[in-house]
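Working notes, beginning with the structure itself.
The values are calculated or read from the model by the stated rules, or taken from the named source; none is laboratory data. Values in this document were obtained by computation on a predicted structure and should not be read as measured data. Backbone-built Cβ (ideal geometry, glycine too); neighbour counts: all protein chains shown.
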Amino acid sequence: MEILLLIAGAGLIYWLQNALYKKYWAKNLSVSIHFQEKPVLEGEDAHLTEVIENRKILPLSYLNVKFKISRYLEFENMENTSTSDWIYKNDIFSVLFHQRITRNLTFHCRKRGYYTINQADIVSANLLMTNGFVQALPQDTHIYVYPRAIDLGRLDVPFKKMMGSLVSKQFLYEDPFEFRGLRDYARTDPMSSINWKAWAKTGELMVNVHDSTSSQEAVVFLNLEDETVWKYDQLHEVAIRIAAALCYRFLNASIPTRILCNGMDILTNGAAVLPAGTGLRQVNTINEILARIDLTKETIPCINLVEELKSRPDSSASMPLYVMISNCMRQDLQQSFASLAAHSAGAMWIAPLYDDMELHVEQTPQMDVVRWEVDRYEA
């Protein structure tokens, strides 16, 4: 009789704890996965934070948190991961009642991109680990991995030539919306430029200093189409890095810069184009749009972008600078860009090529042509 009572008691306990966990295991349980807010450069390390919080008196002796992440983001510790087209992270926790667990994970960014985590799956079990429970939790986190920094030293001569041509034609003025800093007041400064808050704090007259903006602009064409059936993703990645570095150089010289790329933006599903702008915000925006380019998607013909610009010139920009970054050297594209360059302050064609590829872009008095040698084994 006692044995039957023990069996019945054990069965009742088992049934109660299983019913209790089945109903309440996910109540007041939150799992948050988020990337660091600061963007990083390709080749740098970044951080991911997992936060698990159990806000109830029911402990979870077993909690499995699963999510997938791009295989181009490699964790410092690859334990509890499996890799295919994605990296599948699989972390196990034991969470007591009213406990918060925070775990920071370091990963290496192998490739530029816009990376997201949209869902995490959590798996738990009852107290005796006999029945499992599963739930999907939406996540909303992303990180920008900007194109790798690249040395533009080999472009110094043509760049200085373009800039010299621009300086001889441009009109510079101060942009009141581009604040650079403060300096001491001089008698020739207008009263409207005095920063009264700085005077109240320091007791000395200081004036606002603004960045100069030119009436000309730089237009960077980034062509990511392939001339043949062969795909040259490595050359396109180098072209993207060149575009990022070149735009930064123009913007650092206070030249309004726009980018016209025929690659597809992973967020908008349209061509990666950006109107002219200046300042640090434009630098960040250009890096973001370059990070979001998806080379697996079909491009639009670059000549369409050139012809559209020719048909709808921007009246606010007189005699712009034009740069074409392209390993595709189709004759119709060359002719269209050359006609655009003929009415510019300067133009340049940069062709990222392997050592066994021929450069057949015709140089003109208005356009410099630069061969950018790319190592096939370059990362």
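Of all residues in segment 43-102, count the ones that are touching a Pro at 6+ places or on another chain (Cβ under 7 Å) and small (Gly, Ala, Ser). Spell out how you get there, then give the answer.
Our first condition is that a residue be touching a Pro at 6+ places or on another chain (Cβ under 7 Å); within segment 43-102, this holds for 95-97.
Now restrict to residues that are small (Gly, Ala, Ser): none.
Total meeting the criteria: 0.
Regarding residue 128, is this residue hydrophobic (A, V, I, L, M, F, W, C), outside any strand (DSSP E or B) and at pLDDT below 95?
Numbers: hydrophobic (A, V, I, L, M, F, W, C): yes; outside any strand (DSSP E or B): yes; at pLDDT below 95: yes.
For residue 128, the condition - hydrophobic (A, V, I, L, M, F, W, C), outside any strand (DSSP E or B) and at pLDDT below 95 - is met.
Check 329, 357 and return the single one that is under 20 Å from residue 263 (Cβ atoms) and in a loop (DSSP other than H, G, I, E, B).
Details: 357 fails: under 20 Å from residue 263 (Cβ atoms).
Residue meeting the stated conditions: 329.
Mind checking which residues of segment 326-352 are more than 20 Å from residue 216 (Cβ to Cβ), in contact (Cβ under 8 Å) with a residue 12 or more places away in the chain and surrounded by fewer than 18 Cβ atoms within 10 Å (Cβ to Cβ)?
Residues of segment 326-352 that are more than 20 Å from residue 216 (Cβ to Cβ), as a first pass: 326-336, 351-352.
Okay, now just the ones that are also in contact (Cβ under 8 Å) with a residue 12 or more places away in the chain, so 326-330, 332-334, 336, 351-352.
Within segment 326-352, 330, 332 qualify.
Within segment 41-75, count every residue that is within 19 Å of the chain's Cα centre (by Cα) and surrounded by 19 or more Cβ atoms within 10 Å (Cβ to Cβ).
6
With the requirement that a residue be aromatic (Phe, Trp, Tyr) and either surrounded by 20 or more Cβ atoms within 10 Å (Cβ to Cβ) or not in a loop (DSSP other than H, G, I, E, B) (or both), what does segment 360-379 give you? Please lay out each step first, then the result.
So in segment 360-379, the residues aromatic (Phe, Trp, Tyr) come out as 372, 377.
Selection gives 372 alone.
Across segment 7-40, which residue is modelled with the lowest pLDDT among those that are surrounded by 12 or more Cβ atoms within 10 Å (Cβ to Cβ) and touching a Lys or Arg at 6+ places or on another chain (Cβ under 8 Å)?
Filtering first and then ranking leaves 24.
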